[in-house]
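*Asks:* Take a look at the following structure, please.
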Amino acid sequence: MIDTVIGIVMAMLLLALAMAGWRLLRGPAVEDRILAIDTMYINTIALLMLLGMWLRSDIYFEAILVIAMLGFVGTLALSRYVMRRDIIE
């Protein structure tokens, strides 16, 4: 029962990841592309969380932490670049 629910939710997250990828490629503005990348990080984190629950493995949670840290720093750097055209002050 729970494996079926996890499979359905993983399929939904893959669809959301594909739609964010479409926005990344077709975004009319740079801000839309930054939000699409941020959404893709969040969807990837959720997918890995579900995969770790489905396979009953703890190793995916360490990967989730790394992706979360890189996603935050990447979004921050891109946002600063868009606002100031300079990343490092």
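The values are calculated or read from the model by the stated rules, or taken from the named source; none is laboratory data. The structure presented is a predicted model; accordingly, all values stated were derived computationally and were not measured. Here the Cβ positions follow ideal geometry from the backbone for every residue, glycine too, while neighbour counts run over all protein chains shown. These accessible areas exclude ligands, DNA and RNA; they are computed on the full protein's heavy atoms, side chains included. Shrake-Rupley method; radii C 1.70, N 1.55, O 1.52, S 1.80 Å.
*Asks:* Report the charge-dipole magnitude of the chain in Debye, nearest 20, computed about the Cα centre from +1 at each Lys and Arg Cβ and -1 at each Asp and Glu Cβ. Kindly include the intermediate steps, with their values, before the conclusion.
*Replies:* Details: 7 positive and 8 negative charges, 57 e Å.
So the dipole magnitude of the chain works out to roughly 280 debye.
*Asks:* Nearest 10 degrees, 0 to 90: what angle lies between the long axis of helix 59-84 and the longest principal axis of the chain (Cα atoms)?
*Replies:* Tilt relative to the chain: about 20 degrees.
*Asks:* Between 77, 36, 16, which gets the highest mean-square fluctuation from a Gaussian network model of the chain, Cα cutoff 10 Å?
*Replies:* Residue with maximal mean-square fluctuation among 77, 36, 16: 77.
*Asks:* Now, a different point. Let me know the whole percent of all Cα-Cα pairs from the chain that are separated by more than 16 Å.
*Replies:* Numbers: 2348 of 3916 pairs.
For the chain, the fraction of Cα-Cα distances above 16 Å is 60 percent.
*Asks:* Of 81, 60, which has the most accessible area and how do the rest follow, probe 1.4 Å? Numbers along the way, then the final one.
*Replies:* Details: 81 105, 60 55 Å².
Descending order: 81, 60.
*Asks:* Can I ask one more? Express in Å², to the nearest 10, the accessible area of residue 3 obtained by rolling a 1.4 Å probe over the protein heavy atoms while all chains stay in place.
*Replies:* 70
*Asks:* Can I ask one more? For a label point 7 Å from the Cα of residue 9 along Cα→C-beta, name the residues of the range 31-54 whose backbone N is under 14 Å from it.
*Replies:* Within reach of a label on residue 9, which here means backbone N under 14 Å from a point 7 Å along Cα→Cβ, the range 31-54 contributes 43-54.
*Asks:* Another question, then. Could you size up the charge dipole of the range 42-89 around its Cα centre, putting +1 on the beta carbon of Lys and Arg and -1 on that of Asp and Glu, and report it in debye to the nearest 20? Each step should come with its number before you reach the end.
*Replies:* Working: 4 positive and 4 negative charges, 35 e Å.
Using only the charged Cβ atoms, the result is roughly 160 debye.
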